[in-house]
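First up is the structure itself, then whatever we jot down about it.
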Amino acid sequence: MRISKLREKTGELDGFIITNQINIRWLTHYTGDNGLLFITKDNAFIFTDFRYKESSEREVKNAEIIIIKEGLVEDLKSSNIMKNLKKIGFESEAVTYRKFEKLRSLFNDKELIPLRDEVENLRMLKDEKEIRFIREAQRITDEVFRDIKKSLHKDMTEKDVRANIEFLMHRKGAEKPSFETICASGKNSSLPHARPTNKKIKGFFTIDMGVFFNGYASDMTRTLIIGEPTEKQREIYNTVLEAQNKAISAIKPGIKLKDLDKIARDVIKSAGYAKYFGHALGHGVGLEIHEKPKVSEKSTEVATPGMVFTIEPGVYIPDFGGVRIEDLIVVKENGKEDITHSPKSLQEMATPI
Ligand SMILES: [Mn+2]
């Protein structure tokens with residue numbers, strides 16, 4: 001059970017206040033957006049308001065639901081659950097300064113201990129069910145991409161394509177996009193996080209998209225080449241693809257994530273494009289679109305079965321255009337599984353319209 005795993009990690013505490021709503025969801029399946037989870041050595045309590053009374057009673061099996069009268073922290077105090085407890089942890093990144101002051105004044109007889117990433121570190125390793133949801137989110141994403149690629153024509157703008165993508169996401173059973181869909185073509189494609197414009201699609205055309213399914217995200221990028229690819233476009237495209245393929249091939253339990261970043265970066269460097277690849281190689285994906293582990297030069301983690309992360313090298317040349325190719329990888333006991341099935345060879349991305 002997830003809560004017991006957290007207790008094992010934080011054994012010195014008498015209680016732990018969880019206020020990051022995603023962490024509360026992961027620990028208890030509670031999906032409301034106003035809640036406080038308090039975990040003791042033997043019990044767990046969710047403080048929430050009337051709006052989530054019925055839904056939380058349906059969702060949560062491993063914590064007692066307490067409907068608040070005054071406020072999350074005030075009711076935690078008046079519940080007296082904390083009465084004989086001394087060492088209380090809280091999530092330093094999920095408590096505003098104002099809330100912290102309230103905690104400090106209401107619980108001035110306790111030792112309040114700021115903690116970081118305790119739940120996020122556990123969330124890095126997905127169980128079978130979580131991987132199923134991510135795989136399903138990616139399956140929908142692959143289907144959307146397949147249909148979109150067939151539907152492109154020369155009079156479409158970036159915004160037209162974005163609208164069609166998001167329509168299809170919903171039609172195919174997604175909850176919603178997992179982030180703002182990127183459709184960036186021509187010179188716009190040199191901006192890693194470009195916003196879609198009213199310009200007609202041409203040149204490199206980067207589509208970065210994903211959906212939520214049962215709360216879990218997918219994330220994929222493909223770069224199409226509208227019209228006949230030029231020599232320079234071919235060279236850049238194949239460099240990024242080679243960087244991605246090499247990094248993915250190297251994934252297996254035990255490899256350092258920073259080594260994966262280096263493998264991809266070295267390919268791009270030897271092709272002379274090092275300064276045009278300015279972001280990390282990848283990031284974890286789960287209940288959040290960006291979560292631990294980061295796959296970068298600074299990563300400290302090693303690939304471990306159950307991790308799910310992206311591999312997304314890119315080359316972005318200002319005033320020319322850019323290419324990014326992104327797949328979603330699950331680390332497995334015997335290696336890895338690339339759960340992205342959309343094509344990505346240069347031939348298949350060249351789109352004469
Ligand atoms: Mn990504």
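Within the set of pairs 6+ apart or on separate chains, which have a first residue in the stretch 317-337 that is within 24 Å of THR141 (Cα to Cα), a second that is in a strand (DSSP E or B) and of a type in the set (Lys, Arg), and C-beta atoms under 6 Å apart? Filtered contacts from the stretch 317-337: ILE329/LYS336.
Summed over the stretch 303-326, residues that are within 16 Å of the ligand (Cβ to nearest atom), within 28 Å of ASP127 (Cα to Cα) and not charged (D, E, K, R) total 7. Per the listing SER178, SER185, the residue uniquely buried (at least 20 other Cβ atoms within 10 Å of the Cβ) and closer than 21 Å to GLU235 by Cβ is SER185.
Taken over the stretch 36-73, the residue count meeting the criterion of being of a type in the set (A, V, I, L, M, F, W, C), in contact (Cβ under 8 Å) with a residue 24 or more places away in the chain and part of a strand (DSSP E or B) is 7. The strands (runs of 3 or more DSSP E) located wholly in the stretch 174-286 that include 2 or more residues which are among the small types (Gly, Ala, Ser) and within 16 Å of the ligand (Cβ to nearest atom) occupy 282-284.
Exactly one residue among GLU166, GLU143 is open to solvent by less than 80 Å² (accessible area, probe 1.4 Å) and without any contact (Cβ under 8 Å) to a residue 24 or more places away in the chain, and that residue is GLU166. In the stretch 78-92, which residues are under 17 Å from ILE113 (Cα atoms) and either of a type in the set (A, V, I, L, M) or modelled with pLDDT of 95 or more (or both)? Once the filter is applied, which keeps residues that are under 17 Å from ILE113 (Cα atoms) and either of a type in the set (A, V, I, L, M) or modelled with pLDDT of 95 or more (or both), the stretch 78-92 yields MET82, LEU85, LYS86, LYS87, ILE88, GLY89, PHE90, GLU91, SER92. Within the stretch 291-318, the residues that satisfy the criterion of being surrounded by fewer than 18 Cβ atoms within 10 Å (Cβ to Cβ) and either in a strand (DSSP E or B) or among the β-branched types (Val, Ile, Thr) (or both) are THR300, VAL302, THR304, ILE317.
For (1) away from the ligand (no atom under 16 Å from the Cβ); (2) outside any loop (DSSP other than H, G, I, E, B); (3) modelled with pLDDT under 95, each residue gets a yes or a no:
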| position | (1), (2), (3) |
| --- | --- |
| LEU328 | no, yes, no |
| GLU337 | yes, yes, no |
| THR340 | no, no, no |
| PRO343 | yes, no, no |
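The values are calculated or read from the model by the stated rules, or taken from the named source; none is laboratory data. This structure is a prediction, so every number in the text was calculated from the model and none was measured. No Cβ is skipped: glycine too gets one built from the backbone with ideal geometry, and neighbour counts run over all protein chains shown. We work out accessible area using only protein heavy atoms, side chains counted, and drop any ligands, DNA or RNA first. Shrake-Rupley method; radii C 1.70, N 1.55, O 1.52, S 1.80 Å.
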